[in-house]
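Nothing in this text is a laboratory measurement; each read-out follows from the coordinates by a stated rule. Worth saying up front: this structure is predicted, and the values here are computed from it rather than measured. Counting neighbours? That spans all protein chains shown, and the Cβs are built from the backbone with ideal geometry, glycine included.
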Amino acid sequence: MQFTQFNSRGHLRHLLTLEGLPAPLLTQLLDRAENFLRPAGSLPARSAALSGITVGNLFTEPSTRTRASFELAGKRLGADVINLEIQLSSRVKGETMLDTIYTLQAMGVDLFVIRDAEAGVHEYVAGHVEDHVSILSAGEAHLSHPTQGLLDALAIRRHCGGFAGKTVTIVGDLRHSRVARSAYHALTTLGIGELRLCGPAQLLPPVGEFHRGRRCTTLEEGLAGADAVMMLRIQRERMAEAEMPEVADYHAQWGLTPARLGLANRDCVVLHPGPMNRGVEIDSTVADGPQSVIQRQVTYGVAVRMAVLEHVAKGRLAHD
Ligand code: NCD
């Protein structure tokens with residue numbers, strides 16, 4: 001049977017990819033996330049929507065933003081949240097991912113948030129948990145990072161005033177980027193005007209992927225007339241030594257400097273999923289400048305994860 005992210009009543013149960021999700025569902029999640037936003041300095045939104053629910057964060061790859069924001073999102077909705085330190089867990093004694101999941105499931109974990117470098121782990125786990133248990137991806141290999149795609153879409157919707165007629169340029173190592181893939185699915189589903197893919201030939205995705213994007217061979221071509229530009233880190237952990245571009249060359253050709261940003265539309269916003277390598281793909285003056293929405297993206301990340309957790313938990317409660 002083909003894997004589905006929906007339960008038997010058509011409610012989203014797992015979130016492993018944005019690919020194939022309908023635009024109204026993405027819009028509903030973005031609208032709900034927007035409801036959780038508060039003015040800077042005020043207390044965060046809270047609710048008891050996840051009261052009695054247990055969230056388990058299992059990250060086998062490094063993370064700062066995604067892990068902390070899933071934790072805060074769960075806590076602000078009243079869930080019990082546990083973070084498993086994989087390096088300190090029995091995984092290092094040879095326990096399989098599935099046995100770790102079964103162990104936590106037996107303790108009552110209902111929602112697993114998983115980041116893993118291996119493609120297919122999330123779907124495999126989702127195929128083996130009990131019916132009331134959900135799997136949310138916090139990053140799968142180079143393939144998918146759905147909540148990042150949603151927060152990027154929210155940033156573009158808020159700062160560009162929607163999707164129709166807008167031009168978004170993704171720059172850098174798209175080939176190895178799960179962020180780019182999830183942004184592609186979110187933005188094309190939500191009706192972006194034009195999506196440009198920009199980077200050195202060896203870091204662009206294989207032909208056939210991102211078929212609705214327009215490939216650009218220079219940063220200048222990619223930036224002209226752009227409403228938003230998303231800079232990506234070189235995913236060194238996903239490439240062989242020989243494939244890695246030389247940092248100085250890369251910055252000279254692909255780094256976002258204030259002068260280059262000047263080629264885009266005057267109010268073009270700058271996104272970056274973090275972690276940034278300042279002086280490589282982006283200059284500090286741009287990262288910290290008035291057109292940057294990078295810190296806002298982090299704020300939207302908590303709101304989007306609250307929306308996803310709440311949505312999935314509602315489906316679970318309807319199950320009981
Ligand atoms: C990204 C990731 O892990 O894919 N980080 C994140 O979740 N914000 C991007 C990256 O590591 O470059």
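With charges only on Cβ, +1 for K and R and -1 for D and E, what is the dipole size of the chain about its Cα centre, in debye, rounded to 20?
840
Just flag the chymotrypsin sites (Phe, Trp or Tyr not before Pro) in region 245-320 sitting in loop per DSSP whose Cβ has no more than 12 other Cβ atoms within 10 Å.
Within region 245-320, no chymotrypsin sites (Phe, Trp or Tyr not before Pro) qualify (loop, at most 12 other Cβ atoms within 10 Å).
Hey, got a sec? Which chymotrypsin sites (Phe, Trp or Tyr not before Pro) in region 1-92 land in a DSSP loop and have at most 15 other Cβ atoms within 10 Å?
PHE3
Where does the chain land at 222 nm, in deg cm²/dmol rounded to the nearest 500, when only DSSP H runs of n ≥ 4 count, each adding -39500 (n - 2.57), divided by all residues? Spell out each step's value before the answer.
Values: 11 runs with 115 residues, N = 320.
My calculation for the chain gives -10500 deg cm²/dmol from helical runs alone.
Only loop residues by DSSP count here, and only those with at most 16 other Cβ atoms within 10 Å; note down the GluC sites (Glu not before Pro) in region 34-135 that meet that.
GLU85, GLU95, GLU118, GLU130
With the cut-off at 1.5 for a/c, could you classify region 25-182 from its C-alpha gyration tensor as rounded, prolate or oblate? Working shown, then result.
Details: a/c = 2.10, a/b = 1.34, b/c = 1.57.
It comes out oblate by the Cα gyration axes.
At 15 angstrom or more along the helix axis (alpha-carbon based) and mean Kyte-Doolittle of -0.5 or higher, what helices does the chain contain? Whole DSSP H runs only.
What comes out of the filter, once short or polar helices are dropped, is 23-35, 146-160, 178-189, 294-319.
Near LYS93, which aspartates and glutamates are there with a Cα under 20 Å away, not counting those fewer than 8 places off in the same chain?
GLU61, GLU85, ASP116, GLU118
Pick out which of GLN297, GLN202, GLN235 has the largest mean-square fluctuation in a Gaussian network model of the chain, springs linking Cα atoms closer than 10 Å.
GLN202
Identify all lysines with a Cα-Cα distance to LYS75 below 26 Å; exclude those on the same chain that are fewer than 8 residues away in sequence.
Cross-link targets: LYS314.
Rank the residues LEU136, LEU151 as a footprinting-exposure proxy: fewest other Cβ atoms within 10 Å of their Cβ go first.
Listing LEU136, LEU151 from fewest to most nearby Cβ atoms yields LEU136, LEU151.
Taking 0.36 nm per residue of sequence separation and subtracting the Cα-Cα distance, how much length would be gained by fully extending the chain between HIS132 and ALA201, in nm to one decimal? The partial results should precede the final answer.
Values: separation 69, 0.36 × 69 = 24.84 nm, distance 4.45 nm.
Answer, rounded to one decimal: 20.4 nm.
Taking 7 Å along the Cα-to-C-beta vector as the label spot, tell me the ILE82-ARG158 distance in nanometres, rounded to one decimal.
Going by the 7 Å Cα→Cβ label model, 3.3 nm.
In terms of the Cα gyration tensor, with a ≥ b ≥ c the square roots of its eigenvalues, is region 146-298 rounded because a/c is under 1.5, prolate because a/b exceeds b/c, or oblate?
rounded
Per residue Cα convex hull volume for the chain, in cubic angstrom? Please report the intermediate quantities before stating the final value.
Details: hull volume 44.5 nm³, N = 320.
Given the Cα convex hull of the chain, per-residue volume reads 139 Å³.
Quick one: Cα centre-to-centre distance for region 180-199 and region 62-136, in angstrom?
Comparing the Cα centres of region 180-199 and region 62-136, I get a distance of 28 Å.
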